[in-house]
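Colleague: Here it is, the structure in full.
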Amino acid sequence: MSPQFDDDLYYDISMPLLGDDFPELKVQTTHGPMNIPGDLKGSWFVLFSHPADYTPVCTTEFVAFQQRAEEFEKIGCKLIGMSVDQVFSHIKWVEWIKENLDVEITFPVVAANDRIANQLGMLHPGKGANTVRAVFVGDPEGKVRLVLYYPQEIGRNIDEIVRAVKALQISDREKVAMPADWPNNSLIKNRVIVPPATNVKDAKKRKDQYDCYDWWFCHKPLDK
């Protein structure tokens with residue numbers, strides 16, 4: 001028997017998936033017009049969305065991202081905020097943060113709309129009409145490399161986003177995998193995981209080449 005759908009409860013939701021090209025967005029920001037990801041070509045970027053301006057949790061996140069902006073800059077990663085409000089509202093909110101919290105927001109804030117929110121999978125009907133807190137990490141080729149969704153009531157851990165970007169960059173460069181809680185893994189500390197062998201000959205060599213729990217679980221220090 002075919003499943004029955006109530007038209008009022010069925011939604012066609014799209015979202016970029018890992019490895020996809022980030023959707024082309026022509027947007028207005030607090031720094032002027034921007035083409036995402038075209039204007040970010042050659043750089044890693046983190047785009048993070050907010051349910052609305054002038055909300056307490058979002059304000060704490062803006063401050064937290066700004067406080068780590070130098071860390072993102074050092075690893076060649078640009079920050080872009082986004083909220084489904086008009087750009088003049090964003091400008092006033094950024095002014096309020098400077099005047100009241102003494103933090104100057106230096107990254108652009110995108111003035112999104114429901115079309116953009118749907119395009120990025122930020123509207124989750126089960127959580128109400130507001131957008132959820134989305135995080136997209138894109139690489140220098142404009143590919144989506146990490147996606148995180150948080151509900152409206154929980155703020156993001158910015159340190160984890162910094163860690164994830166660093167881990168992705170090292171993984172790409174060294175062709176390795178990163179363990180849980182890297183660089184503070186309980187088993188191998190700040191070492192990285194060597195990809196498992198794909199044939200019998202290499203499997204036999206693995207324990208002579210690396211430190212291993214077994215041929216399929218080998219690790220090594222991170223190359224300097």
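The values are calculated or read from the model by the stated rules, or taken from the named source; none is laboratory data. Just so it is clear, the model here is predicted, and its values are computed rather than measured. Positions of Cβ are generated from backbone atoms using ideal geometry, with glycine treated the same way; all protein chains shown enter the neighbour counts. All accessible areas refer to the heavy atoms of the entire protein, side chains included, with ligands and DNA or RNA removed. Shrake-Rupley method; radii C 1.70, N 1.55, O 1.52, S 1.80 Å.
Colleague: Among the residues of segment 129-140, which ones are in a loop (DSSP other than H, G, I, E, B) and either under 26 Å from ARG191 (Cα atoms) or in contact (Cβ under 8 Å) with a residue 24 or more places away in the chain (or both)?
Modeller: ASN130, VAL132, ASP139, PRO140
Colleague: Residues in segment 30-39: is at least one within 23 Å of TYR149 (Cβ to Cβ), buried (at least 20 other Cβ atoms within 10 Å of the Cβ) and either among the hydrophobic types (A, V, I, L, M, F, W, C) or modelled with pLDDT under 90 (or both)?
Modeller: Yes: one or more hits.
Colleague: Restricting the search to segment 193-224, which residues are among the acidic types (Asp, Glu) and open to solvent by 90 Å² or more (accessible area, probe 1.4 Å)? Can you show your working first?
Modeller: First, pick out the residues of segment 193-224 that are among the acidic types (Asp, Glu): 202, 208, 211, 214, 223.
Of everything in segment 193-224, just one residue is among the acidic types (Asp, Glu) and open to solvent by 90 Å² or more (accessible area, probe 1.4 Å), namely ASP208.
Colleague: Got at least one residue in segment 150-169 being open to solvent by less than 70 Å² (accessible area, probe 1.4 Å), of a type in the set (S, T, N, Q) and modelled with pLDDT of 95 or more?
Modeller: yes
Colleague: If you go through segment 180-192 one residue at a time, how many are closer than 17 Å to VAL165 by Cα, surrounded by 14 or more Cβ atoms within 10 Å (Cβ to Cβ) and hydrophobic (A, V, I, L, M, F, W, C)?
Modeller: Counting residues in segment 180-192 that are closer than 17 Å to VAL165 by Cα, surrounded by 14 or more Cβ atoms within 10 Å (Cβ to Cβ) and hydrophobic (A, V, I, L, M, F, W, C) gives 2.
Colleague: Within segment 72-94, track down each residue that is over 14 Å from the mean Cα position of the chain (by Cα) and open to solvent by less than 10 Å² (accessible area, probe 1.4 Å).
Modeller: SER83, HIS90, TRP93
Colleague: Would you pick out the residues in segment 72-106 that are farther than 13 Å from ALA52 by Cα and assigned to a strand (DSSP E or B)?
Modeller: CYS77, LYS78, LEU79, ILE80
Colleague: Residues of segment 40-49 being in a strand (DSSP E or B) and either at pLDDT 90 or above or basic (Lys, Arg) (or both), which ones?
Modeller: Taking segment 40-49 as the starting set, the residues that turn out to be in a strand (DSSP E or B) are 44-49.
Listed by number, the residues that qualify are TRP44, PHE45, VAL46, LEU47, PHE48.
Colleague: Now, a different point. Scan segment 36-71 residue by residue and report those that are within 17 Å of ASP139 (Cβ to Cβ) and over 17 Å from the mean Cα position of the chain (by Cα).
Modeller: Those that are within 17 Å of ASP139 (Cβ to Cβ) and over 17 Å from the mean Cα position of the chain (by Cα): GLY38, ASP39.
Colleague: Restricting to segment 149-203, name every residue that is charged (D, E, K, R) and either part of a loop (DSSP other than H, G, I, E, B) or at positive phi (or both).
Modeller: Within segment 149-203, GLU153, ARG156, LYS175, ASP181, LYS189, ARG191 meet the criteria.
Colleague: What residue, among those in segment 61-71 that are touching a residue at least 60 places away in the same chain (Cβ under 8 Å) and closer than 19 Å to THR29 by Cβ, is surrounded by the fewest Cβ atoms within 10 Å (Cβ to Cβ)?
Modeller: GLU61
Colleague: Does segment 96-113 contain at least one residue that is surrounded by 14 or more Cβ atoms within 10 Å (Cβ to Cβ), in contact (Cβ under 8 Å) with a residue 40 or more places away in the chain, touching a Pro at 6+ places or on another chain (Cβ under 7 Å) and not aromatic (Phe, Trp, Tyr)?
Modeller: No: zero hits.
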